[in-house]
1. Out of the residues in the range 6-45 that are basic (K, R) and closer than 15 Å to I67 by Cβ, which is modelled with the highest pLDDT?
2. Please identify the pairs in which a residue from the range 77-96 that is over 29 Å from K177 (Cβ atoms) has its Cβ atom under 6 Å from the Cβ atom of a residue that is among the acidic types (D, E), counting only partners at least 6 apart or on another chain.
3. Kindly list, by first and then second residue, each pair from a residue in the range 145-158 that is crowded, with 22+ Cβ neighbours inside 10 Å to a residue that is polar (S, T, N, Q), limited to pairs with Cβ atoms under 8 Å and residues at least 6 apart or on different chains.
4. Among the strands (runs of 3 or more DSSP E) lying completely within the range 46-141, list those that include at least 1 residues that are modelled with pLDDT of 95 or more and under 22 Å from I25 (Cβ atoms).
5. Name the residue, out of H56, H27, that is touching a Lys or Arg at 6+ places or on another chain (Cβ under 8 Å) and touching a residue at least 60 places away in the same chain (Cβ under 8 Å).
Amino acid sequence: MTVRETNKKIVGRLQSILLELEVSIIHFIGCFPSHTLRNLFYRQARIKIGKGSVIHTGARFFDPRHIIIGDDTVIGEKSLLDGRAALTIGNHVDMASEVMIYNSEHDINSEFFTAIEAPVVIEDYVFIGPRAIILPGVTVGAGAVVGAGAVVTKDVPPFAIVVGVPAKIIGERRNKKLHYKLGRARLFR
C-alpha cells in the first residue's frame, strides 16, 4: 500500500470514528424530555427540521447530515432515520413509533458485499404506521398510508394505502384535498 493510500485510510477511519461519536451523542440527546432542546441539538448536528416539527424520544440516526424534515411533521418514538444518503421527509407527515427508514443496504450479489445507497423521499401528508420499514430508493407519494409493520420495497403512489411484507396496495385514500395540521405533540415524548 502506498503512503497516499495509507493516509486516505487513516483519514477515512478518523472521520468514521468522529461520526460514530456524533451519532452516540445525538442518541443520548434523544432521551431528553424536551422537544425544544432535542431539536436545538439535532439542528446543531445538521439535521434540517422544519417549523413545528417534532422528533419524539429515542430516535436513532445514521449520519444526520443528509436528513431533511419538513414543517408540522411528527417523528414517533424510537424511530430510525438513515442519513447515509439523502432522506427527505415532507410537511405534515405523521410517522408512528419505531418506524425504520433505510437508504443504504448491502449488495448481496457483490463479491465484496458493497454498500448501495439510494435516496428516500416521503412526500407531504403521508402517514406511516408503527414498525413499518422503508427501504433504499423508495418514494412514498403525497397522502399515502403505510400500514403498521409493512415493508416498503418500491415506490408508493400518491394516496395509496399499502400493507404487508412486501407492501402491496390494498386501497386508496378517498380525500385527496388534505389540509390538516397534526396538532401539538405530547410534551414529554
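The values are calculated or read from the model by the stated rules, or taken from the named source; none is laboratory data. Since this is a predicted model, take the numbers as computed values, not measurements. Neighbour counts are summed over all protein chains in view; Cβ atoms, including those assigned to glycine, are modelled from backbone coordinates with ideal geometry.
1. Among those that are basic (K, R) and closer than 15 Å to I67 by Cβ, it is R43.
2. Here the result reads K78/E98; G83/D63; R84/D63; R84/E117; A85/E117, each pair linking the range 77-96 to a residue that is among the acidic types (D, E).
3. V156/T139
4. 67-69, 80-82, 87-89
5. H56
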